[in-house]
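The values are calculated or read from the model by the stated rules, or taken from the named source; none is laboratory data. Predicted model, so just to flag it, every value in this text is computed and none were measured. FYI the Cβ positions are ideal-geometry reconstructions off the backbone, even for glycines, and counts take in every protein chain you see.
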Amino acid sequence: MVHEESEISLTDVLQRLDRVLEKADRLLSAQLPAREEEAFDAAIAFVWQRREETGCFRPVRHVDQIRLTDLIGIDRQLRKLIRNTKQFLLGAPANHVLLWGERGTGKSSAVKALLHEFSPQSLRLVQVHRQDLLDLPEITERLWDRPEKYILFCDDLSFEADDLEYKELKAMLEGGLHAQPKNMLIYATSNRRHLIPERMADRQVVVDNGEMHANDALSEQLSLADRFGLRIGFYAIDQNVYLQIVRHLAATRGLQIDPDTLEREALRWAMAYSGRSGRSARQFVDDLQGRMALE
């Protein structure tokens, strides 16, 4: 008899615990919009972060301090990007942007530098990782009525042909059931021009009922990149631009070094490591500054 009462008591406790947890979940959900409002008011950059069944905008406390004036050798690309962003901020028609090309040539830095230039005009940046692109409808809905202008930043983006995420991205860019939000654009960077790897088999011509047409797989690959209205290419830099970046970084950091020595060591670094690029120049100056601090 005592054993039965204990079992009943345990069952009752578990039921009560379930009700308490249910109530706590409702309270937490009710507080989420208020917390989100506070976060939006306190920060200019966010990372979309999914935790189990809930997503949230995590404020970035220490934003990368890259400026447009720090970006050398990509003036043509920056002009296009800045013009499109200004149109967006003015409420005029603007395009989603794909920045594609060589690694280390300033694609990501260009997007991050826009934030410092235009955050006083209510520009905000939300980084969305590739695996979270399935959350785009939820992200859009949560930002829809916000007064700020949001760039959804998808960095180093690439897909395989069978990835589900790229279909969600296609729908968001154009062609989905949802209307296009007025306060949101997608800026993506990629080393691949078409975001999906192209294989020789995809280039084969298919004959169907006597008619010749391109393989559907190739059309599918091209259709994703085509939905970015503005596609900006970034290319490998020459030696003069590379040295110009090195000199600029060294001067910005106040490094006292003979100019000929600086250039000679910078070229040696490029040959020994990852070639000439803005990233390589920064890495060299980081190493140089560290070595000088030890002397």
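Within the span defined as the range 133-141, one or more residues are in contact with a Cys (Cβ under 8 Å, 6 or more places away or on another chain), in the same structural domain as LEU115 (by TED's automatic domain parsing) and either buried (at least 19 other Cβ atoms within 10 Å of the Cβ) or not in a helix (DSSP H, G or I) (or both). Is there a residue in the range 148-155 that is of a type in the set (Asp, Glu), over 16 Å from ALA188 (Cβ atoms) and assigned to a loop (DSSP other than H, G, I, E, B)? Checked the range 148-155: at least one residue is of a type in the set (Asp, Glu), over 16 Å from ALA188 (Cβ atoms) and assigned to a loop (DSSP other than H, G, I, E, B).
From the list LEU169, LEU125, the one residue that fits, being surrounded by 15 or more Cβ atoms within 10 Å (Cβ to Cβ), within 17 Å of the chain's Cα centre (by Cα), touching a residue at least 60 places away in the same chain (Cβ under 8 Å) and under 18 Å from PHE228 (Cβ atoms), is LEU125.
Hey, any hits in the range 208-220 for a residue that's modelled with pLDDT of 70 or more, surrounded by 15 or more Cβ atoms within 10 Å (Cβ to Cβ) and closer than 30 Å to TRP144 by Cα? Looking for residues that are modelled with pLDDT of 70 or more, surrounded by 15 or more Cβ atoms within 10 Å (Cβ to Cβ) and closer than 30 Å to TRP144 by Cα, one finds none in the range 208-220, hence no.
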